[in-house]
1. Would the range 201-211 turn up any residue that is surrounded by fewer than 18 Cβ atoms within 10 Å (Cβ to Cβ), under 19 Å from the mean Cα position of the chain (by Cα) and assigned to a helix (DSSP H, G or I)?
2. Looking at Ile65, Ile10, which one is out of contact with any Gly (no Cβ under 9 Å at 6 or more places or on another chain) and surrounded by 16 or more Cβ atoms within 10 Å (Cβ to Cβ)?
3. Looking only at the range 45-98, which residues are aromatic (Phe, Trp, Tyr) and either touching a residue at least 12 places away in the same chain (Cβ under 8 Å) or within 16 Å of ligand 2 (Cβ to nearest atom) (or both)?
4. Kindly indicate which of Ala173, Ala133 is more than 28 Å from Asp58 (Cα to Cα) and either more than 16 Å from ligand 1 (Cβ to nearest atom) or touching a residue at least 12 places away in the same chain (Cβ under 8 Å) (or both).
5. Considering each of Ala117, Ala127, Ala133, Ala162 in turn, give the residue that is assigned to a helix (DSSP H, G or I), under 14 Å from the mean Cα position of the chain (by Cα) and modelled with pLDDT of 95 or more.
6. Inspect all residues belonging to the range 37-49 and state whether any of them is more than 11 Å from ligand 1 (Cβ to nearest atom), in contact with a Leu (Cβ under 9 Å, 6 or more places away or on another chain) and either in a strand (DSSP E or B) or over 20 Å from Glu232 (Cβ atoms) (or both).
Amino acid sequence: MTTDTPVIQIKNLHKAYGALEVLKGVDLTAPRGHVISLIGSSGSGKSTLLRCCNLLEDSQQGEVIFKGEPVRWKGDGHYRCPADAKQVLRIRTNLSMVFQQFNLWAHMSILQNVMEAPLTVLGRDRAEVETAARGYLEKVGIGDKCDAYPAQLSGGQQQRAAIARALCMEPEALLFDEPTSALDPELEQEVVKVIKDLAAEGRTMVIVTHDMKLAADVSDHVVFLHKGLIEEQGTPEELFGAPKSERLRGFLSATQPA
Ligand SMILES: Nc1ncnc2c1ncn2[C@@H]1O[C@H](COP(=O)(O)OP(=O)(O)OP(=O)(O)O)[C@@H](O)[C@H]1O
Ligand SMILES: [Mg+2]
């Protein structure tokens, strides 16, 4: 692998749920150190595309390539699925996902939440993982919450714990699905700040977001999806400053305050 090999590459991806075609031939590239934002109306396929990147969803046609390594498939069409469970695990553990609803374990402390996957999935040394986990919790500004339980934290703190948990896997890239949508505006900003810090560090990230300001501020590249196809893509300046397609113009005027 050369340093130029993208962390994630999706080529001509097709995905349907039964008869409902959700992705109709989508390409996506996340070069190392880049932030890619996916925007588009509800139902356009953003979450599905993100979930196809780390193989949480199967797809019927097209390629998913992780660091130059194409996913190996068996079967065709609706019967297609990954052929190699070890490859899936390797890819999935390297593309850590942060969900809208945090998805922390309610019965575990924040520290245990962050340590769980590195210990059980990666089999790493407990003392090393604990040191790393405390460091990541400190980094996202909740180092004092190690012993608290998720229910004792605000939404913004829970989401920052979820980001620390994703970071503790030491993944090649982070995938965010609407990381700020479940939060009140003032809590949203705490999470936006963490995401901006991660972008400034040169982390590779793919972010599905309704927050156009976040997309404009952190992205190297923005992809506008419409009904399972890429309608327009480019730099934030291009997409937000000079949108070409009528649909993107309509979408932006509906999502941006007047
Ligand atoms: N598990 C599923 N089974 C059947 N249909 C699904 C499933 N998940 C998503 N869909 C459908 O696929 C389409 C795309 O959904 P997806 O969640 O990717 O959209 P989205 O762009 O993330 O929307 P939102 O902004 O509302 O989160 C929608 O029509 C949705 O109803
Ligand atoms: Mg979604």
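The values are calculated or read from the model by the stated rules, or taken from the named source; none is laboratory data. Owing to the predicted nature of the structure, the values given are computational and were not obtained by experimental measurement. Quick reminder, even Gly has a Cβ in these numbers, built from the backbone with ideal geometry, and neighbours come from all protein chains shown.
1. From the range 201-211, those surrounded by fewer than 18 Cβ atoms within 10 Å (Cβ to Cβ) are 201-202, 210; that's our starting set.
In the following step, the residues that additionally are under 19 Å from the mean Cα position of the chain (by Cα) were identified as 201-202, 210.
Checking which are assigned to a helix (DSSP H, G or I) leaves us with none.
No - not one qualifying residue is present in the range 201-211.
2. On the way: Ile10 fails: out of contact with any Gly (no Cβ under 9 Å at 6 or more places or on another chain).
From the options Ile65, Ile10, the qualifying one is Ile65.
3. Phe66
4. Details: Ala173 fails: more than 28 Å from Asp58 (Cα to Cα).
Just one listed residue meets the conditions, Ala133.
5. Numbers: Ala117 fails: under 14 Å from the mean Cα position of the chain (by Cα); Ala127 fails: under 14 Å from the mean Cα position of the chain (by Cα); Ala133 fails: under 14 Å from the mean Cα position of the chain (by Cα).
Just one listed residue meets the conditions, Ala162.
6. Residues of the range 37-49 more than 11 Å from ligand 1 (Cβ to nearest atom): 37.
With in contact with a Leu (Cβ under 9 Å, 6 or more places away or on another chain) added as a condition, the list becomes 37.
Going one step further and asking which of them are either in a strand (DSSP E or B) or over 20 Å from Glu232 (Cβ atoms) (or both), we end up with 37.
Yes, the conditions are met somewhere in the range 37-49.
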